[in-house]
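Structure first, then comments.
The values are calculated or read from the model by the stated rules, or taken from the named source; none is laboratory data. The structure displayed is predicted, hence computed values, not measured ones. FYI the Cβ positions are ideal-geometry reconstructions off the backbone, even for glycines, and counts take in every protein chain you see. When the accessible area is computed, the model is the full protein with side chains, heavy atoms only, and any ligands, DNA or RNA have been set aside. Shrake-Rupley method; radii C 1.70, N 1.55, O 1.52, S 1.80 Å.
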Amino acid sequence: MTEPWVPGAPPRAAWSRLTSEAFDLLVVGGGIHGAGVARDAALRGLRVALVERADWASGTSSRSTKMLHGGLRYLKQGRIGQVRRALAERELHCRIAPGWTHRITLVVPPPVRGTRLWLRAGIALYGLLAGRAGGARFWRGDPRYEDVLIDDANFVLALVEDARTHGACALNHVAWTGSPAPDRHAVVDRVSGATGVVRAGTTVLALGPWAGQAPAGSSGLRLTRGTHVVLAGTPGDDAGRLFLAPEDRRPLFLLPYGPGHSLLGTTDLDVASADADPVPTGDELRYLRESVCAQFPVARTWSAVGWQCGLRPLVDAAGGPGSVSREERIKFDPGARRVEILGGKYTGYRRVAERAVDQVCGLLGNPASGRTGRMRIPDPPVPGGPEDRIRRAIQESDAVRLEDVFARRTRLADWGLDDAATVRGAAELLAAHNGAGERAETLARAYLEQREARLRVLRGWES
């Protein structure tokens, strides 16, 4: 979505600090990797600034399959080390972020065309690699195993807030426009229109799919698009499902996603360039619908109420989209005093951030070692009703636009609960908070128009 900014909004309080203090590190990009880098560096005692040109996690990091997982299908590709490392991070987060992680049983129903031995063998190995062999019941008629669900977007915000707790200066909706000198970085506040310079001795670029488009960014990425659909219906229990699409035998997930709803995904298609708001095609929606209905005939009665479409930044390699490794590449430019993160999975963000900050500390001559493996991440607030969640998003959680409120902080848009009355109430609160109460109706109308455009995309679900 592209919403109008509130014109004439005053600079936010952190803007003065961002453009007046001197920092050891500027982190550009507020997805899971950028937030992880900022928190790691702040915990080591570095003076850290973090900027994101849109909202926290507004790109790939809010459009994932909502899991910390090792990637069962990568075992078939022989990537045992990759799976082991991811599962180690999954288990670590169950210890340091217990309020954010929720174990789930994933059932593998009989495939449409026969039973696949590799699935049973993979489930057994997956449990062993995770150190939880008891959760991998591969011998059953419907084998099952464990993984972990997470609120991807709000977990990123939790990392940002914890970085602030440890001294970081973090601002969303601030664009980095380049570095006229290695320790000078031009920025624009997209809320107020103010421009300024951040003084920082080192830089980490964590730009996700946009790594090749930003000033001084690198190429070498292969972008693929993944679409999820939110369905009003469930298989009737709290377990998730992993099943094979009859068309191409790709593994798909059907996961619990809020009361009475499921998240179905995902597709995996090459795309030529990064789009800030990618849109699923009719073919993708039909593929997902035909796949889920073939496996679960009851799904024909479920309606599609929302969708999420994100881009995966993969390190370029030959082969089909699903065969390309999700491992990261960290590029180090000592002359520019810059570290750049390319690729990587959500689950492995902490380890990637630690490697990046190790490089920064080397540049700064700082011997501090990483602490994120043992520092607990604060629990999420106790969830309230929609009105309380909207108020908290605007007043306490950096929401600047209505999309920030409904698509990420509250997820009300995913379940079709962003009705006109709710949106207008949120617009009044948002505009008043930004000192432009007279613009509330304009903001609400623009959001509702974009909401209708998003819902029109779902016509491809039925066609």
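Structural remarks
- Mean shadow area of the range 135-176 over all directions, Cα convex hull, nm²: 5.4
- Applying both filters, DSSP loop and at most 15 other Cβ atoms within 10 Å, to the trypsin sites (Lys or Arg not before Pro) of the range 235-292 gives ARG249.
- Taken about its Cα centre, the range 233-322 carries a charge dipole of roughly 320 debye when the Cβ of each Lys and Arg holds +1 and the Cβ of each Asp and Glu holds -1.
- Neighbourhood net charge (15 Å Cβ-Cβ; Lys/Arg +1, Asp/Glu -1) for ARG459: +1
- Label-point separation in nm, ALA133 to ALA421, each point 7 Å along Cα→Cβ: 5.7
- Within the set (1) 22.1, 69; (2) 21.8, 65; (3) 29.4, 117, the number that Rg and Dmax of the Cα atoms in Å takes when calculated for this structure is listed as (2).
- For the range 21-149, the equivalent ellipsoid built from the Cα gyration tensor has semi-axes of 36, 15, 13 Å, listed from largest to smallest.
- ASP358/ILE80 FRET efficiency (R0 30 Å; Cβ-Cβ; nearest 0.05): 0.75
- The label point for ARG456 and the one for GLU247, both projected 7 Å from the Cα toward the Cβ, are 2.4 nm apart.
- Relative contact order (%) - the chain, alpha-carbon pairs under 8 angstrom, separation at least six: 21
- Peptides ranked, highest mean first, by Cβ atoms within 10 Å: ranges 133-139, 377-383, 391-397: 391-397, 133-139, 377-383
- For ILE104, neighbours were defined as the other residues whose beta-carbon sits under 9 Å from its Cβ, and their charges (Lys and Arg +1, Asp and Glu -1) total -2.
- Bridges between two residues of the chain, per DSSP, are antiparallel at a rate of about 75%.
- Portion, in percent, of the accessible area of the chain that falls on carbon or sulfur, probe 1.4 Å: 53
- Sites THR442 and GLU387 - FRET efficiency at Förster radius 30 Å, r taken between beta-carbons, to 0.05: 0.85
- From helices alone, the chain scores -10000 deg cm²/dmol at 222 nm; the rule is -39500 (n - 2.57) for each run of n ≥ 4 DSSP H residues, then divide by the residue total.
- Sorting the segments 117-128, 363-374 by their mean number of nearby beta carbons within 10 angstrom, highest to lowest, gives 117-128, 363-374.
- Percentage of interatomic Cα-Cα distances in the range 78-196 larger than 22 Å: 57
- The residues of the chain have, on average, 38 Å² of accessible surface per residue, using a 1.4 Å probe with all protein chains present.
- Positive contributions from Lys and Arg (+1) and negative ones from Asp and Glu (-1), summed over other residues with Cβ under 15 Å from the Cβ of GLY131, come out at +2.
- Separation in nanometres of the label points that stand 7 Å from Cα toward Cβ, at ARG199 and ARG47: 0.8
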